[in-house]
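Working notes for the structure below.
Just so it is clear, none of the values below were taken in a lab; they were calculated from the coordinates. None of these values were measured; they are calculated from a predicted model. Ideal geometry is used to build each Cβ from the backbone, glycine not excepted, and the neighbour counts take in all protein chains shown.
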Amino acid sequence: MAVPQLVMYEEESKLISVVLERLNREANSKVVFLVDKNGQLISAAGDTKNLDTTSLASLTAGNIAATGGLAKLIGEKEFSILFHEGEKDNIHISIIGQRVILVVVFDTRSSLGLVRLRVKKASDELKTIFDGLLAKMEQKEAINVESPFAEITDDDIDGLFSE
Amino acid sequence: MSFINYSSKEINCKIVYYGPGLCGKTTNLQYVYGKTNPVAKGKMISLATETERTLFFDFLPLTLGEIKGFKVRFHLYTVPGQIFYDASRKLILKGVDGVVFVADSQVERMEANMESFENLAVNLKEQGYDLDKIPYVVQYNKRDLPNAAPLEELKNLLNPKGIPEFEACAATGEGVFETLKGISKLVLTELKKGR
């Protein structure tokens with residue numbers, strides 16, 4: 001298939017959380033989250049309670065996809081950084097390793113310069129983690145580790161729709 | 001492709017509703033949204049024009065339940081049906097796990113159905129998918145209308161390979177959940193195979 005399936009393990013998930021938490025703190029931002037290019041939320045840090053992170057993830061991916069389409073039309077590979085400025089809140093979006101999207105939501109307590117600086121550092125760390133994750137996924141595939149869902153039965157699937 | 005998160009014990013899958021303009025893709029999602037337990041659904045997002053034509057996509061996250069301790073979550077998307085939104089349609093197919101082709105049963109929409117069907121195959125191919133391999137079902141919508149074409153004719157045109165198919169009337173909800181269940185089964189069966 002075109003895009004390999006993304007799998008997130010406990011170990012990498014923890015590493016990512018640490019990086020996001022620190023980024024959120026150091027950038028003085030409100031929320032930081034990481035999204036797959038397909039619109040799946042991978043991880044989030046900060047004040048996510050009042051935020052619809054699922055919708056945010058989907059729209060962010062749509063946004064990146066649309067600007068990526070624009071980029072191709074003018075002969076660019078992609079626009080790796082997007083910035084949306086609002087009256088109070090702003091959104092900084094960047095693509096990491098052509099695979100995942102890092103989103104930082106911040107207000108007047110921070111600044112674009114600070115966010116860009118901190119994002120740059122965090123991006124490198126996240127890229128390393130994802131490179132490792134991809135290698136791990138390939139390795140598992142090579143030795144043919146059985147999917148935990150190999151034993152799903154038709155009854156399991158029917159059960160989901162029993163209501 | 002699906003996203004398996006061992007850390008939060010979740011499987012996320014993406015299902016795209018495809019079809020010609022005004023065939024009822026958004027109506028399908030609206031019905032599902034209206035009938036789903038509030039705990040099991042997120043907000044439905046519609047990026048539409050002022051005249052309620054889908055401009056980019058509709059999005060509806062659903063939590064179906066648990067399998068083997070993993071929460072099964074489906075993200076339902078629709079594409080804009082109007083021909084000139086092709087660039088947007090391609091983007092939405094990225095990372096798709098299953099496709100529902102919604103056909104408009106009305107005789108005069110047959111050409112539009114065919115065009116959209118061929119467009120689906122081309123756009124999937126561009127993303128590296130094969131319509132013969134990806135989980136995929138057909139829904140014949142608007143069966144209640146007096147000018148609906150005979151089922152046989154629709155089958156011949158849109159489902160020569162005999163994939164799972166469903167008759168529906170999305171406005172009243174008939175066939176909507178049957179279709180969703182049909183595609184979900186195929187997607188989960190694919191997951192079972194490993195990839």
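Between B:Thr27, B:Thr179, B:Thr49, the Gaussian network model of chain B with springs among Cα atoms under 10 angstrom shows the greatest mean-square fluctuation at B:Thr49. Per residue of B:2-15, other chain Cβ atoms within 10 Å of the residue Cβ number 6 on average. Reported to the nearest whole Å, the Cα centre-to-centre distance from segment B:1-61 to segment A:17-62 is 20. The mean count of C-beta atoms from other chains within 10 Å of the C-beta of residues in A:54-60, rounded to a whole number, is 5. Packing here is the average count of other Cβ atoms within 10 Å per residue, and on that basis the peptides A:14-26, A:53-65, highest first, run A:53-65, A:14-26. Placing dummy labels 7 Å off each Cα toward the beta-carbon, the span from A:Phe79 to B:Lys71 is 3.3 nm. Residue by residue along B:159-171, Cβ atoms of other protein chains within 10 Å of the local Cβ number 0 on average. Counting only Cβ charges, +1 for Lys and Arg and -1 for Asp and Glu, the dipole size of chain A around its Cα centre is about 1220 debye. Here's how it looks for B:Tyr18: its modeled amide H is under 5 Å from those of B:Val100, B:Phe101, B:Val102, which are all 5 or more places away or on a different chain. The HN-Hα couplings worked out from phi for segment B:138-143 by the Karplus form 6.51 cos²θ - 1.76 cosθ + 1.60 (θ = phi - 60°) are 10, 10, 8, 8, 6, 5 Hz, whole numbers, x standing for Gly and Pro. Rounded if a/c is under 1.5, else prolate if a/b is larger than b/c, else oblate: which is segment A:1-60, with a ≥ b ≥ c the root eigenvalues of its Cα gyration tensor? It comes out oblate by the Cα gyration axes. Each of A:Ile81, A:Ala65, A:Phe161 was placed along the dipole of chain A (beta-carbon charges, centred on the mean Cα), and the one lying farthest toward the positive end is A:Ile81. For A:Ser55, the shell of other residues with beta-carbons less than 14 Å away shows a net charge of +1, using +1 for Lys and Arg and -1 for Asp and Glu.
Classify segment B:103-195 as rounded, prolate or oblate from the Cα gyration tensor: take a ≥ b ≥ c as the square roots of its eigenvalues, call it rounded if a/c is under 1.5, otherwise prolate when a/b beats b/c and oblate if not. Spell out each step's value before the answer.
Details: a/c = 2.39, a/b = 1.40, b/c = 1.71.
Here segment B:103-195 falls in the oblate category.
Using the Cα centre of segment B:3-192 as the reference point, and only Cβ charges (+1 on K/R, -1 on D/E), how large is the resulting charge dipole? Debye, rounded to the nearest 20. Each step should come with its number before you reach the end.
Numbers: 23 positive and 23 negative charges, 193 e Å.
Dipole size: approximately 920 debye.
Projecting label points 7 angstrom from Cα along Cα→Cβ for B:Glu108 and B:Ile83 puts them 1.6 nm apart.
Stokes-Einstein, applied to the Kirkwood radius of segment A:1-145 over Cα pairs at a viscosity of 0.692 mPa s and 37 °C, places its translational diffusion at 208 µm² s⁻¹. Build a GNM of chain A with springs between Cα atoms under 10 Å apart, and of A:Phe106, A:Phe79, A:Phe149 the one that fluctuates most is A:Phe149.
The aspartates and glutamates whose alpha-carbon is closer than 14 Å to the alpha-carbon of A:Lys88, local same-chain residues fewer than 8 away aside, are A:Asp107. Using only the alpha-carbon atoms, how far is helix B:25-35 inclined from the longest principal axis of chain B? Give it as 0 to 90 degrees, nearest 10. Tilt of helix B:25-35: around 50 degrees.
The residue list B:Ala87, B:Phe56, B:Val72 was ranked by how far each Cα lies along the charge dipole of segment B:1-105 toward its positive end, using unit charges on Cβ atoms, and B:Val72 comes out on top. Per-residue Karplus couplings for segment A:19-28, computed as 6.51 cos²θ - 1.76 cosθ + 1.60 with θ equal to phi - 60°, are listed in order as 5, 5, 4, 5, 4, 4, 6, 6, 8, 6 Hz, Gly and Pro entered as x. Other residues within the sphere of radius under 11 Å centred on the Cβ of B:Glu126, judged by their own Cβ, net out at +3 (K and R +1, D and E -1).
Give the relative contact order (percent, whole number) for segment A:1-55; include only Cα pairs under 8 Å separated by 6+ residues.
Values: 45 pairs, mean separation 14.6, N = 55.
With pairs under 8 Å counted, the relative contact order is 27 percent.
Note on chain B: GNM, Cα springs under 10 Å; of B:Lys185, B:Lys161, B:Lys90, the largest mean-square fluctuation is that of B:Lys161. Here, P(r) means the percent of Cα pairs in each 10 Å bin from 0 to the largest distance; for the protein assembly as shown it is 5, 24, 32, 25, 11, 3, 0. Legend: residue pairs A:Lys49/B:Lys14; B:Lys125/B:Lys181; A:Lys14/B:Lys25; A:Lys37/B:Lys41; B:Lys94/B:Lys155; B:Lys35/B:Lys68, Cα-Cα distance threshold 29 Å; pairs beyond threshold, A:Lys14/B:Lys25. Taking θ as phi - 60° and the Karplus parameters 6.51, -1.76 and 1.60, the scalar couplings of segment B:145-162 work out to 6, x, 9, 5, 6, x, 4, 4, 4, 4, 4, 4, 7, 10, 9, x, 8, x Hz in sequence order, x denoting glycine and proline. Where the alpha-carbon atoms of segment B:3-192 are placed on the principal axes, they occupy 50, 32, 30 Å, in descending order.
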